[in-house]
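Below: the structure, in structure tokens.
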2 protein chains.
Amino acid sequence: MESTSQTSLFERLKESLESLRKSERKVAELVTEDPSFVMESSMSAVAARAGVSEPTVMRFCTGLGFDGFQAFKLALAQALILGVPSVESAMNRGDSVAELASKIFDQTISSIDRSRRFLDLDQMEAAVQTILESKALVFIGLSASGLIAQDALQKAQLFGIPCSAPSDTHQQFMAAAMTDPDTTFVVISNTGRTRSTNRVAQLARSRGATVIGISGDDTPMMQLCDIKIVAKTFENTDVYTPTVSRLAGLVVIDILSTAVSLRRGEAHFADFESMKAGLAGYARMTDGETLPVATPFD
Amino acid sequence: MESTSQTSLFERLKESLESLRKSERKVAELVTEDPSFVMESSMSAVAARAGVSEPTVMRFCTGLGFDGFQAFKLALAQALILGVPSVESAMNRGDSVAELASKIFDQTISSIDRSRRFLDLDQMEAAVQTILESKALVFIGLSASGLIAQDALQKAQLFGIPCSAPSDTHQQFMAAAMTDPDTTFVVISNTGRTRSTNRVAQLARSRGATVIGISGDDTPMMQLCDIKIVAKTFENTDVYTPTVSRLAGLVVIDILSTAVSLRRGEAHFADFESMKAGLAGYARMTDGETLPVATPFD
DNA sequence: GTATTTATGTAGTATTACTACCAAAACCAC
DNA sequence: GTGGTTTTGGTAGTAATACTACATAAATAC
């Protein structure tokens, strides 16, 4: 399958639009204008509506790297359900809640898919190894990225090593100033341009700590990090576009924490089980209601 | 398209497995076992590998409500990219980071798609209206749901009305005990069985506040709420399954906050713009780096 | 045990995707 | 401009695929 490439179908279409010959461009335009029609129709119908011949449609598909029209249609169906790219689905003042919900779900799903395509698994592996070898963990972030840090803290507390997520800049600075080479800092910033976060990363690193960066792109912050994890989403061009970046960040945290938990082995698993039992008991005692054993989180 | 129904293709397959005649069941089993093969193959190939005739495959497709084999393949392609249901992709101790990442992305995307299908838009609309008419907002949640509450708070601060998200149970209780009918409480709990959260919901409501509940299902907590928003995901059967519920909750918050912001109109928009400018200026002053204007969040 | 319904396969047809080949257009050297 | 060359687009034909009508086999009911 060719769709394992990094960029999504619509992005590739847009990029190659210039380099296409004008008949094929007609096809490309039809695809972007009315993808559902193309998905549901036969090659002859597509050719007729685009005003070209069938082989042109065929060449268009193979030119994009697909085996044929069928394969292209499948890829198009997949791209379609992941949602139209964010630019085409900007929020309007008159949108109903239903329309907004649809657009936001589209953006969310397509963004997570995008971050999936761009995620560097080698860096993830390196991050897991680093965390496993660390004696302490510190998570750093502000506002939306701060929430990701708090989420990471909730999960990291199950690792069995000291960990913290100072939430204001001064405490973050202090944590970095006092750190040591056995500690790993996870610094999170979507823009990668938040000066205070960058300063913390730099300081922690200068004191020998390993610094893992989670950012929306290859940002300035990444230069200050030993391990660079890019959680790429679609850029927020619109004011009202919700911040999908935090969702991508949370998924990265999910992957890291799951991998670390699994690698920590049986001994840790026993602790984990007893924690769960304890938490369930605690909830029963204090709140009079049993938490489901399988979900320690609320 | 038939795929606009609530349940996903794989769920429908599982449900109808019993009612199928045994030849068609062979096809269904092949689809669940090796969906990629079915997606990539022709009808004859599928029929051959399932050990049935082509018309049986055809009947299987039309029986599920599709126009034909092609239409079924498109739906399958879409279901596939949304990820295989969680049960089939449990985490194993020996999984590589790449495998874990793949499984977690699958679960995340398919869960968000699921919550999309189940989201009650009328309740969302009611929630938006309620928030617009409120004079104050309070967000309540613990642990993972607490993070959602904090996220909601970050967004709600742009609404221009007093809002808070007390994070410990005592402060939550106090907020409920002191509330009034002009205030709206948004109580968040995936399980809906957290006693303290439920108590807060009950108390706030008894004092006349409107209570919006966000939960993973039609849980006990929902009985205590005026407006019930279900953010449905795939159940966490596995211990190591990450909590996708918080992501669904965050998307709900995205939709609510975007809708509310848009409805508040031009006056509020001006405030919002000036806040952005101010924040950018603040970042420049204090941190020596400019935040992109379009993204007030880090 | 026969009749009736249900389930499955056989054989045929129409559609569809794909390919080999050819014609027109564009480009270029001179 | 003209002749050669390359690029681009279309025609026609072929192989395959999806789909349908029909017949047979199995199961059920009476």
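Return the residues of the stretch A:164-202 that are of a type in the set (V, I, T), in contact with a Lys or Arg (Cβ under 8 Å, 6 or more places away or on another chain) and within 12 Å of chain B (Cβ to nearest Cβ); say none if nothing qualifies.
Result: no residue meets the conditions.
Working only within the stretch B:96-134, note down all residues that are within 30 Å of A:E125 (Cα to Cα), within 13 Å of the chain's Cα centre (by Cα) and not β-branched (V, I, T).
Correct list: B:Q107, B:S110, B:S111, B:D113, B:R114.
Of the residues that sit in the stretch B:25-78 and are among the aromatic types (F, W, Y) and over 14 Å from B:L13 (Cβ atoms), which one is farthest from DNA strand D (Cβ to nearest atom)?
By that ranking, first place goes to B:F37.
What are the residues in the stretch B:47-75 that are more than 12 Å from DNA strand C (Cβ to nearest atom) and modelled with pLDDT under 90, if any?
Residues satisfying the conditions are B:R49, B:C61, B:L64, B:G65, B:F66.
Scanning the stretch B:76-101 for residues that are more than 23 Å from A:L250 (Cβ to Cβ) and within 8 Å of chain A (Cβ to nearest Cβ), which turns out modelled with the lowest pLDDT?
B:R93
List pairs: first in the stretch B:175-190 and more than 11 Å from B:I140 (Cα to Cα), second charged (D, E, K, R) and modelled with pLDDT under 95, Cβ under 7 Å, 6+ apart or cross-chain?
B:N190/A:D298
Looking at the stretch B:127-152 only, could you name the residues that are at the interface with another protein chain (Cβ under 10 Å from one of its Cβ atoms), assigned to a helix (DSSP H, G or I) and either of a type in the set (V, I, T) or more than 18 Å from B:G208 (Cβ to Cβ) (or both)?
B:V128, B:S143, B:A144, B:S145, B:G146, B:L147, B:I148, B:Q150, B:D151
Given the criteria away from DNA strand C (no atom under 16 Å from the Cβ) and not in a helix (DSSP H, G or I), does A:M124 qualify?
When the stated conditions are applied, A:M124 does not pass them.
The values are calculated or read from the model by the stated rules, or taken from the named source; none is laboratory data. The structure displayed is predicted, hence computed values, not measured ones. Cβ atoms come from the backbone with ideal geometry, glycine included; neighbour counts cover every protein chain shown.
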